[in-house]
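Computed from the coordinates by the stated procedures, all read-outs in this text should not be read as laboratory data. For clarity, every value in this text was computed on a predicted model and none was experimentally measured. Here the Cβ positions follow ideal geometry from the backbone for every residue, glycine too, while neighbour counts run over all protein chains shown.
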Amino acid sequence: MRSLGGDIYLDDSYDSGVEGYPGARFVLQMNTPPLDIESALPPAEMSMEFISVALNERDAMQQQTKECAIYRPEQSPSPQKSELQSSSRKALQASSDANQIENKLPNEYSVLFVDDDAILRKLFVRGLKRLKPEWQIKEASSGEMALKTLEGYKADLIFLDQYMASTEKQMLGTETASAMRSRGITSIICGLSANDMRDSFISAGADGFILKPMPCKPQDLQKALLALLEQNASIHRDTGVETV
């Protein structure tokens, strides 16, 4: 590190906020320009795996549909053609199911995504914009910033990461959820973590929980969003405000 002109040291003031587990944090100081997040992201056509998968499935479905059109009712289909027809029907059914799921999602919705990882935030926003371009999406890098953002932004759905690192001590996701509820925020809150912290988030006032990483494929992302919305449909909090 020092050979590169940087330095590394242990932050004595760090406290994880979890009783009995003080944790430790090492601080790296690099004498280099800040990373350009946009240039660090992969090309748009490669950033989300499901884009390529969706296009391949669409092309395969179109090709299979064309080939199935060759079949004539007066002829007995060969085993190969029968298998092709079955595959085509399944592909068409999958496409129909995906459209039905997407149609169940509201056309207008506002989302706040809270995570300290800038690249994860960008990927999530990019993926959700492709799925529902008409939705409003804001992002925050900490619980404190999320609370500040909500002072002037009404989010219908909030995704909260649990551990958000920084050179300064940050609120945990569960602490942020609790603070939001104490301020009368009635948005649907979904906790995020690579560890199973569902019970902790629910106890803090969250409505749901998803294990990281977030779903990437279109149908998986749609189903996750729909499950959250349906699970919390018509739920009224103490304020009497309907969350969906």
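Less than 5 angstrom separates the built amide H of residue 140 from those of 113, 114, 115, all sequence-distant by 5 or more or on a different chain. Computed from the C-beta positions of residue 169 and residue 216, the FRET efficiency with R₀ = 22 Å rounds to 0.10. Legend: distances between Cα atoms for 122/217; 104/217; 104/154; 138/223; 138/217; 169/212; pairs beyond 19 Å are 104/154; 138/223; 138/217; 169/212. Each residue of the range 182-199 was assigned a 3J(HN,Hα) from its phi angle through the Karplus curve 6.51 cos²θ - 1.76 cosθ + 1.60 (θ = phi - 60°); the sequence is 5, 8, x, 6, 9, 4, 6, 10, 10, x, 10, 6, 6, 10, 6, 10, 4, 4 Hz, with glycine and proline shown as x.
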